[in-house]
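What follows is a single structure, written as C-alpha cells, with notes after it.
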Amino acid sequence: MGSSLIQLLFLAVVVVFLVMRLMAVLGTREGFEPKPEAKPGPNTQHLKVIDGTEDPDIADFAEVDSPTGRALAEMKRTDHSFTVSEFVSGSRQAYEMILMAFEQGDLKLLESLLAPDIYDSFSSAITAREEKGYEVEATFIGVRESTLKSARFDAAEKEGEITMRFVGELTSVVKDSAGNVVEGSASEIKRQTNIWTFARLMGTNNPNWLLVATDE
C-alpha cells in the first residue's frame, strides 16, 4: 500500500507539471478574446480615388463627383499622406489658435499660421488697438460648427485650397488703459461665423497649411 501510494503521488506530481507546462505554452483565456487584427497591407487609400471607387474620407465631407470632391481626390493623388478628416480636425485647432492669437496680440504665432497679406491685415489691426492703449481679455469657449465648403486644386502649381466655415464661441472684453470696458462683456458669450481658406503645396516636405483668405 505504501509503495502504491508513493507511485500515485509521483504520477500526480508529473501530471500537474505537464499541465502547467502546457498552459505556459498555449496560454489561458479569460472572457471574450477579440479576433486578431489583420496585419496592415500596403497603403491603398489613394488607389480608391484612382480606380473610381467612392472614398469615404471624401464622401464624409463632400459629394465625390462634385468639383470639391474631385479637387480633394486630386490632392490625395498628389500627396498620399493627406486625408480630409485630418485636415478638418487640424483646421478646427488652427481656428482657435488664430482667433486667440489675434485677441492676445501674439504676432509671432500669427506669422507662422497666416499668409503674408493676411498677416499684414491682422498685424495692422493689433497695432491700431495697441496704439489706443486697448487690451483684450478673451476666453475661447469652443467651435460650435465646422463645415468644409469647397476645395480647389491647381495641378500646375500643385497647390491645394480648402475653404472652411466655422462657428465659434468666445467671450471678449476690450478695455482702455484705465481699465474701462470699451467693448464686449466677460459674461456674454459671443458667437461668430468665419469663412476661412487654407492653402498648401501638396506633396512637399512642409505639411503646414496657411490661412490665405478670410470672409464673414
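Each reported figure results from applying straightforward, stated rules to the coordinates on display, with no laboratory input. Here the structure is a predicted model, which means the values were calculated and not measured. Cβ atoms come from the backbone with ideal geometry, glycine included; neighbour counts cover every protein chain shown.
Worth pointing out:
- Those residues of region 139-183 whose amide nitrogen sits under 15 Å from the label point placed on Asp60, 7 Å along Cα→Cβ: 146-148
- 27 Å Cα-Cα threshold exceeded, pairs from Lys108/Lys175; Lys149/Lys190; Lys108/Lys132; Lys108/Lys149; Lys76/Lys149: Lys108/Lys149
- Inter-probe distance in nm under a simple model that places probes 7 Å from Cα toward Cβ, at Glu169 and Asn208: 3.2
- Distance-filtered residues of region 109-148 - backbone nitrogen under 12 Å, label point 7 angstrom along Ala186 Cα→Cβ: 137-139
- In region 66-172, Cα pairs under 8 Å separated by at least six residues give a relative contact order of 30 percent.
- Computed over neighbours whose Cβ is under 12 Å from that of Lys175, the net charge equals -2, Lys and Arg +1, Asp and Glu -1.
- Each peptide in 158-164, 193-199 gets a packing score, the mean of other Cβ atoms within 10 Å over its residues, and the list from highest to lowest is 158-164, 193-199.
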